1. When DSSP beta bridges are limited to those with both residues in region 1-72, what percentage is antiparallel, rounded to the nearest 5?
2. So how far apart, in nm, are the two label points at residue 7 and residue 335 if each is 7 Å from Cα heading toward Cβ?
3. Kindly put 327, 299 in sequence by how many other C-beta atoms sit within 10 Å of each C-beta, fewest to most.
4. If you find the alpha carbon centre of region 106-138 and of region 18-39, how far apart are they in angstrom?
5. Report the Cα centroid-to-centroid distance between region 239-262 and region 216-238 in angstrom, as an integer.
6. Please rank 183, 316, fewest neighbouring Cβ atoms within 10 Å first, as an exposure proxy.
7. Could you let me know the centre-to-centre spacing of region 169-188 and region 284-344, using Cα atoms, in angstrom?
8. Counting each DSSP H run of 4 or more residues in the chain as -39500 (n - 2.57), what helix-only mean residue ellipticity at 222 nm follows after dividing by all residues, to the nearest 500 deg cm²/dmol?
């Protein structure tokens, strides 16, 4: 868990001292290099403000960082599982290759076994890891004003067509189809639970989703149509605000989100989403309870549909809604993320209780 780690200053001191006591227990991710390391890494030490500390390599990878080639933080996982070792080595040798299930089979590995192993160790499949590793770099280049050819090189795609196709698969349009005068701007945000896409205007946040959500492309397409095709890539004030608020949330400092939101949906759906925002961190509700609270006690199924249609994850906390029997039920970001978010938010509930004593 994120909150079991010592504070930033303690971990940074351990990094400076190359304290072996934290080996395998904490990792440092460096914003200026995009690399994560063991605290014992012999490389030159980064500035404190460029460091983020995580409790697992899966969190580092999910946040978009690459493994250091000097201290090899993936080595213990590779040593524990020959399939992981072979696939990580293959990914390192061919980072720009478009890996498929057929490639895994050709290497002699069982697909379900590999999927479980990677999910257990890293919180994502091998194919998800390979795809994210390439796309994130290219997306960030474009968001920073870089040309498509520069983004293609940064994403390590051998052909422009392959990069365009992968980019389009993510947000529904190739880089060359992005608007030159956008009213909506897509941005890439790394978090400990995986990379996210935000879409915002200059005044409001319209979408916040994990990049592996199946419905992401259709959601982006709906927003693009609403904006009459004027979708681009870049950073706005609301996009920067939600980035900073997510950092504070995952660091355990604050669960309050004040980024202004724009809802695209029916009046009923908007009522449901507004009610979800009134559920405190660390508290859960059932669909029927939400229905009663909005004055529509017979609309439990409609509440469930509106909950599933939410496209502003975490801030509109649909993960706080459970089945009538307390089961996790569906979550577009994956049930493992829903479980993690509820675990994280227990920290905020416990803090709130202690502050009233």
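1. Values: 8 of 10 bridges.
Antiparallel: roughly 80 percent of the beta bridges in region 1-72.
2. About 3.9 nm separates the two model spin labels.
3. Final ranking by Cβ density, sparse to dense: 327, 299.
4. Their Cα centres are 22 Å away from one another.
5. One Cα centre to the other: 20 Å.
6. Values: 183 14, 316 22.
Ranking 183, 316 by Cβ neighbours within 10 Å, fewest first, gives 183, 316.
7. Computed from Cα coordinates, the inter-centre distance equals 30 Å.
8. Working: 15 runs with 161 residues, N = 357.
Only helices count here, giving -13500 deg cm²/dmol.
Read-outs throughout are calculated quantities, based only on the coordinates presented, and are distinct from any laboratory measurement. Since we're looking at a predicted model, the values are computed, not measured. Reconstructed Cβ throughout: ideal geometry from the backbone, glycine too, with neighbour counts over all protein chains shown.
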